[in-house]
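Visitor: The following block contains the structure, expressed as structure tokens.
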Amino acid sequence: MSAEKAHNFLEEIISEELKAGKFPEGIITRFPPEPNGYLHIGHAKSICLNFGLAKDFGGKTNLRFDDTNPVTEDTEYVESIMEDVKWLGFEWSQVVYSSDYFETLYEYAVKLIKKGKAYVDDSSAAEIAALKGTPTEPGKPSPFRDRTIEENLDLFERMRKGEFADSAKVLRAKVDMASPNMHMRDPLMYRIKHAHHHRTGNKWCIYPMYDFAHGQCDSIESITHSVCTLEFEVHRPLYEWFIHELEIYPSRQFEFARLNLNYTVMSKRKLLQLVNENHVNGWDDPRMPTISGLRRRGFTPASIRQFCEKIGVARRENIIDFGLLEFCIREDLNKTAHRVMVVEDPIKLIINNYPEGMVEMMPGEVNPEDAESGTRMIPFSKELLIEREDFMENPPKKYFRLFPEGMVRLKHGFIVKCTSFEKDVNGNVTTVYCDYFPESRSGHDTSGLQAKGVLHWVSAAQAIPVELRIYDRLFSVENPNAEEGDFKSYLNNDSLKVVEGFAEPALANASTDHRYQFLRKGYFCLDKDSTASKMIFNRTVTLKDGWKNG
RNA sequence: UGUCCGAUAGUGUAAUGGUAACACUCCAGAUUUUGAUUCUGUCAUUCAAGGUUCGAAUCCUUGUCGGACAACCA
């Protein structure tokens, strides 16, 4: 880590601790997703933080599936999570599951019962809630709070054996019903769920709650820094209470502010809803803020890591501008994307003085940012396609594209001058006629002419039709969470537009190994829906557009 | 009417009692065969009031605003 770089508060803390001689074996962090959904860009922040801290300070990181609720969890999610973490470029020390520790956790619970620090409660969920009090009123003790240790031991064992129905009993920690912190009012440790678990099958019918699993798992793995988001802050006293009472390795919890991005939502529950109600086409829909969605959209691991680096880590609520993510991907793709010309919304451009049937092959660099990238050949002919928006009958001042009597450079081609144009019955321009200047050939221009504008184009006869999926922000408002009513009523109806574009022949060789810059239009990537007869491209992001009139 | 956390340009993040800065955005300009890239420049910041101090974004007090907390979710 460079001395120049600003340290976030966690790096600061760890750096001090290391200086003081703590953790001679190195630090250990963990990334602890629950396998009940797909990872999103918010998780990427956590992944970069947890893996990044270990990497920077010479430690290691475990990938731990926090699978203590069999009802919502599934191996489908386990697999996608592992794929996403790997794709982001991180390597875990080991993969573990909270369920690996169910036996130890059970023993821990027995230990607390024996210490008189836990008891079995027969109350219903409603009764427990009623006695819990509110944030401003203290709770009251359960009538079962003072059962004997022997009775608690017996009952808890029978809970495990399956003698009771779901919800008939719970195991609770005996802490403090009057605590101003609701989480200390005799929190639940175990509940009965006769449910199939994705790892342990039907072995268990009691499952530990988050609070009685997370910190203990951290401790078992000797996690030195258990980093989580701000909403767990009020759990910290309980996290420490269990570790203290259990007399086990004192892992410590640190909280940071979760990532929020504008024009999208970040809660797994809401994302699941968008998927289930078909507002998007699955978890990996390119409009989703999921890692798989961003990947399919064309984002690179490096761009996402760079984004996470740029947003920083702090403890205050934040909403990051989507534009920063776009900046990061453009910065990356500008250096690597293959350039190609594709017309999204074509009109014809016919060159009056170009010989009928003639085709010249014009060279164009694959990537001007990369001298090694070479060139591709682009056919030029009498009949071309150009972008509809690149011609105007009555242009505003400062419009330096094509207009009657106007002159432009056709990129990698020639300078042309507009002589006339045609419209259809609806008044839409269909064809533009131009004269070209043979001596203005790209790279060998002796014409002395200068054209302010440069247009992309394709030769009509050789153009290959491609499907373009044009994405825009998922929501039409910056913060759907803050709006009145159902967040789904703020979805952007134009977040996906499918258009047929026309590409220069070089794109026929496109593969998912490369990203493409469609000149003047944006960055695109080949979509997995492509078939042998139809190539489909996702627009990752537009190019920055400095033209205010556009 | 509770407890805890937070507040620095439009958005984020630094400055760790000693000159308030960096990135993105915005705006202006230069270069440009992508209105891209690149380069240069401009605008703009310590929630409020008291206190401690030679000196406060930083420490203290009070207030204001925002967030979290009353799932057999994590």
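Visitor: Being of a type in the set (Lys, Arg), buried (at least 18 other Cβ atoms within 10 Å of the Cβ) and over 16 Å from residue A:114 (Cα atoms) is the filter here; which residues of the stretch A:161-190 pass it? Lay out the reasoning, then the answer.
Guide: Initially, the stretch A:161-190 is screened for residues of a type in the set (Lys, Arg), giving A:161, A:169, A:172, A:174, A:185.
Now narrow it down to the ones that are buried (at least 18 other Cβ atoms within 10 Å of the Cβ): A:169, A:172, A:174, A:185.
Matches in the stretch A:161-190: A:169, A:185.
Visitor: Sticking with this one: Within the stretch A:519-526, does at least one residue satisfy the condition of being surrounded by 15 or more Cβ atoms within 10 Å (Cβ to Cβ), without any contact (Cβ under 8 Å) to a residue 24 or more places away in the chain and under 27 Å from residue A:395 (Cβ atoms)? Break it down into steps so the answer makes sense when it comes.
Guide: Kept after step one, since they are surrounded by 15 or more Cβ atoms within 10 Å (Cβ to Cβ), are these residues of the stretch A:519-526: A:519-526.
Subsequent filtering for residues that are without any contact (Cβ under 8 Å) to a residue 24 or more places away in the chain retains A:522, A:526.
Now restrict to residues that are under 27 Å from residue A:395 (Cβ atoms): A:522.
So far as the stretch A:519-526 goes, yes, one or more of its residues are surrounded by 15 or more Cβ atoms within 10 Å (Cβ to Cβ), without any contact (Cβ under 8 Å) to a residue 24 or more places away in the chain and under 27 Å from residue A:395 (Cβ atoms).
Visitor: Suppose we keep only residues that are open to solvent by less than 20 Å² (accessible area, probe 1.4 Å) and part of a helix (DSSP H, G or I) within the stretch A:264-281. Which one would you say is nearest to RNA strand B (Cβ to nearest atom)?
Guide: Among residues in the stretch A:264-281 that are open to solvent by less than 20 Å² (accessible area, probe 1.4 Å) and part of a helix (DSSP H, G or I), the one nearest to RNA strand B (Cβ to nearest atom) is A:271.
Visitor: Something else about it: Here is a check on your reading of the model: is residue A:230 farther than 24 Å from residue A:79 by Cβ and within 16 Å of RNA strand B (Cβ to nearest atom)?
Guide: Details: farther than 24 Å from residue A:79 by Cβ: yes; within 16 Å of RNA strand B (Cβ to nearest atom): yes.
Yes; evaluated as a whole, the condition is true for this residue.
Visitor: Could you grab me the full set of residues in the stretch A:468-514 that are surrounded by fewer than 20 Cβ atoms within 10 Å (Cβ to Cβ), of a type in the set (D, E, K, R) and either within 14 Å of RNA strand B (Cβ to nearest atom) or more than 18 Å from the chain's Cα centre (by Cα) (or both)?
Guide: A:469, A:478, A:483, A:484, A:486, A:488, A:494, A:497, A:500, A:513
Visitor: If you don't mind, another one. Please list, ordered by first then second residue, the pairs with beta carbon atoms under 7 Å, 6 or more apart or interchain, first in the stretch A:72-89 and without any contact (Cβ under 8 Å) to a residue 24 or more places away in the chain, second among the basic types (Lys, Arg).
Guide: From the stretch A:72-89, no pairs qualify.
Visitor: Just name the residue that is most open to solvent (accessible area, probe 1.4 Å) out of those in the stretch A:282-312 that are of a type in the set (Val, Ile, Thr) and out of contact with any helix residue (DSSP H, G or I) (no Cβ under 6 Å at 6 or more places or on another chain). Full working, then the answer.
Guide: At the first step, the residues of the stretch A:282-312 found to be of a type in the set (Val, Ile, Thr) are A:290-291, A:300, A:304, A:311.
Add one more test, that the residue is out of contact with any helix residue (DSSP H, G or I) (no Cβ under 6 Å at 6 or more places or on another chain), and what stays is A:290, A:311.
Details: A:290: 0, A:311: 35 Å².
Per the criteria, the residue is A:311.
Visitor: Return the residues of the stretch A:228-261 that are assigned to a helix (DSSP H, G or I) and more than 28 Å from the chain's Cα centre (by Cα); say none if nothing qualifies.
Guide: A:237, A:238, A:239, A:240, A:241, A:242, A:243, A:244, A:245, A:246
Visitor: Further question: Counting only residues that are open to solvent by less than 70 Å² (accessible area, probe 1.4 Å), touching a residue at least 24 places away in the same chain (Cβ under 8 Å) and not β-branched (Val, Ile, Thr), how many does the stretch A:149-160 have?
Guide: 6
Visitor: Identify, by number, the condition in (1) in a loop (DSSP other than H, G, I, E, B); (2) open to solvent by less than 40 Å² (accessible area, probe 1.4 Å); (3) closer than 22 Å to residue A:448 by Cβ that residue A:400 doesn't meet.
Guide: Exception for residue A:400: condition (2).
Visitor: Out of curiosity, is residue A:261 open to solvent by 50 Å² or more (accessible area, probe 1.4 Å) and closer than 30 Å to residue A:324 by Cα?
Guide: Working: open to solvent by 50 Å² or more (accessible area, probe 1.4 Å): no; closer than 30 Å to residue A:324 by Cα: yes.
Taking the combined requirement at face value, the residue does not satisfy it.
Visitor: Another question about this same structure. Could you check the stretch A:499-540 and list, in sequence order, the residues that are of a type in the set (Ser, Thr, Tyr), touching a Leu at 6+ places or on another chain (Cβ under 6 Å) and outside any strand (DSSP E or B)? Please lay out each step first, then the result.
Guide: Initially, the stretch A:499-540 is screened for residues of a type in the set (Ser, Thr, Tyr), giving A:511-512, A:516, A:523, A:530-531, A:533, A:540.
Now drop any that are not touching a Leu at 6+ places or on another chain (Cβ under 6 Å), which leaves A:512, A:523.
A:512 - this is the single residue of the stretch A:499-540 that is of a type in the set (Ser, Thr, Tyr), touching a Leu at 6+ places or on another chain (Cβ under 6 Å) and outside any strand (DSSP E or B).
Visitor: Which of (1) surrounded by 15 or more Cβ atoms within 10 Å (Cβ to Cβ); (2) in contact with a Lys or Arg (Cβ under 9 Å, 6 or more places away or on another chain) is the odd one out, the single condition residue A:421 does not satisfy?
Guide: (2)
Visitor: Something else about it: Scan the stretch A:355-380 for residues that are of a type in the set (S, T, N, Q) and either in contact with an Asp or Glu (Cβ under 7 Å, 6 or more places away or on another chain) or open to solvent by 10 Å² or more (accessible area, probe 1.4 Å) (or both) and jot them down.
Guide: Scanning the stretch A:355-380 gives A:373, A:375.
Visitor: Continuing with this model, one more query. What are the residues in the stretch A:321-354 that are open to solvent by 20 Å² or more (accessible area, probe 1.4 Å), farther than 21 Å from residue A:390 by Cβ, among the aliphatic types (A, V, I, L, M) and more than 8 Å from RNA strand B (Cβ to nearest atom), if any?
Guide: none
Visitor: For residue A:317, are the conditions met, namely being part of a loop (DSSP other than H, G, I, E, B) and either surrounded by 16 or more Cβ atoms within 10 Å (Cβ to Cβ) or near RNA strand B (Cβ under 8 Å from one of its atoms) (or both)? Please lay out each step first, then the result.
Guide: On the way: part of a loop (DSSP other than H, G, I, E, B): yes; either surrounded by 16 or more Cβ atoms within 10 Å (Cβ to Cβ) or near RNA strand B (Cβ under 8 Å from one of its atoms) (or both): yes.
Taking the combined requirement at face value, the residue satisfies it.
Visitor: Take residue A:443 and tell me if it is at positive phi and open to solvent by 30 Å² or more (accessible area, probe 1.4 Å).
Guide: Numbers: at positive phi: yes; open to solvent by 30 Å² or more (accessible area, probe 1.4 Å): yes.
Judged against the criteria, residue A:443 is a match.
Visitor: Next question. Where the second residue is of a type in the set (Ser, Thr, Tyr) and exposed (fewer than 12 other Cβ atoms within 10 Å of the Cβ) and the first is over 19 Å from residue A:212 (Cα atoms) and lies in the stretch A:116-144, which pairs have Cβ atoms under 6 Å and are six or more apart or on separate chains?
Guide: If the second residue must be of a type in the set (Ser, Thr, Tyr) and exposed (fewer than 12 other Cβ atoms within 10 Å of the Cβ), no pairs are left.
Residue-by-condition table, conditions (1) closer than 30 Å to residue A:206 by Cα; (2) crowded, with 23+ Cβ neighbours inside 10 Å:
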residue: A:12; (1), (2): no, no
residue: A:22; (1), (2): no, no
residue: A:51; (1), (2): no, yes
residue: A:55; (1), (2): no, no
residue: A:62; (1), (2): yes, no
residue: A:67; (1), (2): yes, yes
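The values are calculated or read from the model by the stated rules, or taken from the named source; none is laboratory data. It should be emphasised that the depicted structure is a prediction, and the values quoted were computed from it without experimental measurement. No Cβ is skipped: glycine too gets one built from the backbone with ideal geometry, and neighbour counts run over all protein chains shown. What goes into the accessible areas is simple: the full protein's heavy atoms, side chains included, and nothing from ligands, DNA or RNA. Shrake-Rupley method; radii C 1.70, N 1.55, O 1.52, S 1.80 Å.
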